[in-house]
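Contents: one structure, followed by commentary.
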Amino acid sequence: MLSEQIFRNLCKGLAAALCVFSMHSVAKDAFELVGVSTSAGEKQSYVAQEGDIKLPVTVINGLAEGPVLLLAAGTHGDEFPAMFALQKLAQELNPQELKGTVVIIHLANLDGFHAHRLALNPKDEKNLNREFPGSKTGTATEQIAELLTREFISRIDFFIDMHSGSSNQKLLDHVYSPFVGDKKLDEMTFKFAKATGMKHIIMYGDRPRDPNNSISFPNTAMTRGKPALTTEIGHLGQRDNASIDYALTVARNALYFLAMVPGKAEPNEEVIIYKTIDYVNSEFDGFFTPLVTIGDSVKKGTVVGQVTDYFGNPVQTLQSASVGTVLMINETPPVKSGESAVAIGVVK
Ligand SMILES: [Zn+2]
């Protein structure tokens, strides 16, 4: 059980639902994860292994009571800034001073990382973030999803799945704040999203609400009553210091928000909330040339890019169908019919 003082601090400004989660999952016993035990006040980095699955993790089990926060990188193996940020965070956190437990997954899709694959796992050509809650008898990716659901999501209170733009994709840093129709959970998730300090927040309610068909990693947590965000920081397969530092700042803000380390999460004062994303799709196979850049404001009818055929002839002019901000661009030339070339955030 949480001590009353810690409980009061933690619950200050937070929904009652959160307090219940925290009380349940907090015990300053050893923290068990995939058969490895980390004592209170200890930190361990290891490759968690089950069958053919290998997951590099760090568990920082604080001496004092508090919530369990999961931070994951590499759900898509070509999205690097969060991997470096979480390596730094794992090194800087002191379990003697931490309240609660931080679980870091350094690379959720290790095979995709080593195969230089854009989002997919080479063992079965599947996207891990579409295979939850997974299956123990399924394909390689389905088995990873099942292990993450069973061993990780079941043991945590809060989650941030930390992504970037893929190797072909430019994006404006943003955070998805999902909602699932549970008022307390949705409100807490939105507070958590604001506490990251990120400027661009996308409300996202499109995922199934059935825990047995949760599809994505964060939605697996949400459909089990646990606030879960997706951050998108950095892009184009880069590992620039600005994006790494920003991902680290966002992770630290989550720790401040949950009162796991001393400090204060400073919400962004210029936060912009989007109600949806409109995708502008190509109708042809060929080359895409963007004519806007991320962060640009667009109106209905603004030309956002051009599609040319394999011989250089223009075949389609892409226009925005809404008023909004350019959040993502397919920056590299190849485009196929039906693929989205530009994503427009539509302001709430
Ligand atoms: Zn991703």
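The values are calculated or read from the model by the stated rules, or taken from the named source; none is laboratory data. Here the structure is a predicted model, which is why all the values come from computation and not from measurement. Backbone-built Cβ (ideal geometry, glycine too); neighbour counts: all protein chains shown. The protein model used for the area step is the full one, side chains on, heavy atoms only, and it has no ligands, DNA or RNA in it. Shrake-Rupley method; radii C 1.70, N 1.55, O 1.52, S 1.80 Å.
Brief remarks follow.
- Checking each residue in the stretch 138-167 for being within 16 Å of the ligand (Cβ to nearest atom), open to solvent by 10 Å² or more (accessible area, probe 1.4 Å) and in a helix (DSSP H, G or I) picks out only ILE144.
- Within the stretch 263-313, the set of residues being open to solvent by 50 Å² or more (accessible area, probe 1.4 Å), in contact with a Lys or Arg (Cβ under 9 Å, 6 or more places away or on another chain) and of a type in the set (Phe, Trp, Tyr) comprises PHE284 only.
- Search result, residues across the stretch 138-181 that are touching a strand residue (DSSP E or B) at 6+ places or on another chain (Cβ under 9 Å) and of a type in the set (D, E, K, R): GLU142, GLU146, GLU151, ARG155, ASP157, ASP161, LYS170, ASP173
- Boolean, LYS88 is outside any loop (DSSP other than H, G, I, E, B), more than 13 Å from the ligand (Cβ to nearest atom) and closer than 28 Å to THR289 by Cα: no
- Residue list for the stretch 303-334, filter: assigned to a loop (DSSP other than H, G, I, E, B), without any contact (Cβ under 8 Å) to a residue 60 or more places away in the chain, under 30 Å from the mean Cα position of the chain (by Cα) and farther than 27 Å from PRO178 by Cβ: PRO333
- If the condition is being within 16 Å of the ligand (Cβ to nearest atom), in contact with a Lys or Arg (Cβ under 9 Å, 6 or more places away or on another chain) and open to solvent by less than 30 Å² (accessible area, probe 1.4 Å), then the stretch 192-219 contributes ILE202, SER216, PRO218, ASN219.
- Leading residue by the ranking (farthest from LYS126 (Cα to Cα)) among those in the stretch 65-93 that are open to solvent by 30 Å² or more (accessible area, probe 1.4 Å) and without any contact (Cβ under 8 Å) to a residue 60 or more places away in the chain: GLU92
- Some residue of the stretch 99-112 being open to solvent by 10 Å² or more (accessible area, probe 1.4 Å) and within 16 Å of GLU151 (Cα to Cα): yes
- In the stretch 226-256, the residues that are of a type in the set (A, V, I, L, M), farther than 30 Å from ASP182 by Cα and not in a helix (DSSP H, G or I): LEU236
- Residue match in the stretch 199-218 (condition: under 20 Å from ALA73 (Cβ atoms), part of a loop (DSSP other than H, G, I, E, B), outside the structural domain of PRO333 (by TED's automatic domain parsing) and not small (Gly, Ala, Ser)): no
Yes/no matrix, rows are residues, columns are (1) of a type in the set (D, E, K, R); (2) touching a Ser or Thr at 6+ places or on another chain (Cβ under 9 Å):
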{"residue": "GLY77", "(1), (2)": "no, no"}
{"residue": "LEU98", "(1), (2)": "no, no"}
{"residue": "PHE113", "(1), (2)": "no, no"}
{"residue": "GLU131", "(1), (2)": "yes, yes"}
{"residue": "THR139", "(1), (2)": "no, no"}
{"residue": "GLU146", "(1), (2)": "yes, yes"}
{"residue": "GLU151", "(1), (2)": "yes, no"}
{"residue": "ILE156", "(1), (2)": "no, yes"}
{"residue": "HIS163", "(1), (2)": "no, yes"}
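- The strands (runs of 3 or more DSSP E) found entirely in the stretch 37-85 that carry 1 or more residues being within 16 Å of the ligand (Cβ to nearest atom) are 64-73.
- The set of residues in the stretch 171-189 being within 16 Å of the ligand (Cβ to nearest atom) and either more than 22 Å from ALA108 (Cα to Cα) or outside any strand (DSSP E or B) (or both) consists of LEU172, ASP173.
- Members of the stretch 117-133 found to be open to solvent by 30 Å² or more (accessible area, probe 1.4 Å) and either within 18 Å of the chain's Cα centre (by Cα) or within 15 Å of the ligand (Cβ to nearest atom) (or both), listed by number: ARG117, LEU118, LEU120, LYS126, ASN127, ARG130, GLU131
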